[in-house]
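Please treat every number below as a calculation from the coordinates, not as lab data. These numbers come from a predicted model, not from an experiment. When we count neighbours, we look across all protein chains shown, and the Cβ atoms used for this are built from the backbone with ideal geometry, even at glycine.
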Amino acid sequence: MIDREQVKKVAFLARLELTEEEQEMFTRQLGSILDYIAELQRVETEGVPPTTRAIEVNNVVRPDELVVCENREGILENAPDRAEDFFKVPRIIED
Amino acid sequence: MTSTAPPTVQYEAVIGLEVHVQLSTETKLFCRCSTRFGNTPNTNICPICTGQPGTLPVLNQQALDYAVRAATALNCQIHPQGLSKFDRKQYFYPDLPKNYQISQYDLPLAEHGWLEIEVEGEAAKRIGITRLHMEEDAGKLVHAGADRLSGSTHSLVDFNRAGVALCEIVSEPDIRSAAQAAAYAEELRRIVRYLGVCDGNMQEGSLRFDLNISVRPAGGSKFGTKVEIKNLNSFNALQRAVEYEFTRQVDCVRSGERIVQETRLWDEATQRTISMRSKEEANDYRYFPEPDLVPIALDSNQIDAYRQRLGELPAQKRHRYCGTLGLSSYDARVLTDEREVAEYFEQVVALDIPAKQAANFLNGPVAAYLNETRQSISQIKVTPEVSAELLALINQGIISNRIANELLPGLFEAGGSPRALVEERGLTQISDRGQLEEIVNEVLAGESDSVAAYRGGRTKLLGFFVGKVMKKTAGRADPQVVNDLLQSKLAEQPTAPPPEPESAAEPPEAPPAVEDAPLEAATEAVTAEAGSAEAITAASEEPDTPVSHQDAHA
Ligand SMILES: [Zn+2]
């Protein structure tokens, strides 16, 4: 179902560093999850409307009312680095 | 657009646009932070829009309402599959605090719409709209240590914009030229501004365009390799990027090169598109349903209610102004460009002013004044009622156009009732034949040389005499009566002067109504088309050179 190369690619896209053992383990685990999904996919769903969630709730909204967050400083302080009003991030390398 | 080079094949451009429209909500799409532009960096932030663990987004009712309104105006079907949901679009970039953007993937809010564009000299054309979906904006990056990304030592991030509500509107590849692309973008801006769902402020990035363009032999049905162009922040940039890219791609094809499917950036400084190195995994967004938000499912009653509340849109107004009101398509386009102006115009017409007169008045002196003072029409002291009263005074023969022109600056300045002003300042038009006859006689008596010249064939001098009468009456004389009187007086005692050779050939001509240039013509803002029928340049005192030595008497 899934091979080691695909696991490595997914890990890279998620910015995860996996050891050899982890790659081996996730290939096995993800494979068994995908096998299970493949089994589900064999169920006859002709005429069954698609479901996006398990609960029957739609249209949850809030009013467009401003509430200023009181902990702006906390959020800035919590970042790895800041420069006065800004979050500071390392140089963005385009590659 | 077709290429003009004759030798080989003619090419056409196939263009689709993706437009990001910032919705005019008070707060962000999924949190209660302000959307105010220009605040101190990172003041409009909270745990939700900075992606802190354990926070939950909740959809802004107003943003949903605006998006459905826009979709309805764009003739879209609202979630044709019965519901719409949000998805996570995953990628890593420092302007994206959660490392995913909440967007919509396979079940967008709306699909299958269209809008109508009008390009000067072309028939109105429908451009298909593939889809409209909602998503959150990203933050803003400032690259320190350099002007550009390359060479910067580090970057600074401002999340004030992160999470602001956007609508992405994707067109079908129905656009064929730079002019059509600009017309589409402008019409879209016009519609969202009419609806009040977006302020349309281009400088603040409230509307942003991405362009997909390919070329193919004109009239073909296969698509060429498409190139995406980003960073278009004005109609002008959009239009020039299309022109540049069309030429580039046609040259490419003609010289046998392969067009690379890629993303290019519009570079305003050099007026070119520049290739961005494409990242292989760039498009691997691994969308999956956003588990923290429930679907949107509007019932047919709700959707119908949106349709009914829509009101008249720019294209419908244009059709009505041309069809029912008999305006030129130019006038209709100018008047409907902004909803406020269209509504002002409609109010004036509702006060029994002929549509063409109201249109000329608005597109002429009012437009010039707005332009000059940088005000919007709703701010000025000349309200629709004031305009209608002024124009009615002309139509009732109470004042001349010239007097109306003279009153306008004061009305723009201080407002007030034109009728009261006319009465107070004694500006009522003099139409009494007897009273005018006396003045005409006086004028003619003092200009005997010019009278002789007129009778000798220089009939163009009529305007000169009209001017003299107007001067004597401070512009209050009824020009029609003055014209009649002068013509009959000057024809009264025809002596038989030796005909001047040059003027003998002149055919008899209708009197030029120079003194009563219509109100709308009194400004340079009147374009050739708007003013051509009536625009005689503003009332001039000396329409023809009188016999020169007469000036001493005047
Ligand atoms: Zn927030």
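Provide a whole-number value for the mean count of partner chain Cβ atoms within 10 Å of the Cβ atoms in peptide B:242-253. That average works out to 0.
The alpha carbon centroids of segment B:160-215 and segment A:70-87 are separated by 34 Å. For trypsin sites (Lys or Arg not before Pro), the sites in segment B:69-174 that DSSP calls loop and that have at most 12 other Cβ atoms within 10 Å are B:ARG148.
Restricting the chymotrypsin sites (Phe, Trp or Tyr not before Pro) of segment B:255-355 to loop positions (DSSP other than H, G, I, E, B) with no more than 16 neighbouring Cβ atoms within 10 Å leaves B:TYR287. Peptide A:75-87 is shielded by partner chain Cβ atoms: per residue, an average of 5 of them sit within 10 Å of its Cβ. In the protein assembly as shown, with Lys and Arg counted as +1 and Asp and Glu as -1 at Cβ, which of these residues, B:GLY51, B:ALA367, B:LEU351, has the Cα nearest the positive end of the dipole, that is, farthest along it? My answer, from the dipole projection, is B:GLY51. Applying both filters, DSSP loop and at most 16 other Cβ atoms within 10 Å, to the GluC sites (Glu not before Pro) of segment B:188-243 gives B:GLU204.
Electrostatic bookkeeping for B:GLY219 treats Lys and Arg as +1 and Asp and Glu as -1; over the other residues with beta carbon under 14 Å from its beta carbon, the sum is +2. Averaged over the residues of peptide A:48-61, the number of Cβ atoms from other protein chains lying within 10 Å of each residue's Cβ is 5. Count Lys and Arg as plus one, Asp and Glu as minus one, and take only other residues whose Cβ is under 12 Å from that of B:ALA491; the net charge is then 0. Taking other Cβ atoms within 10 Å as a rough exposure proxy, A:LEU18, B:LEU211, B:LEU461 sort from fewest to most as A:LEU18, B:LEU461, B:LEU211.
Ordering B:SER275, B:ILE175, B:ALA237 by the projection of their Cα atoms onto the charge dipole of segment B:11-282, which places +1 on the Cβ of Lys and Arg and -1 on the Cβ of Asp and Glu, puts B:SER275 at the extreme positive end.
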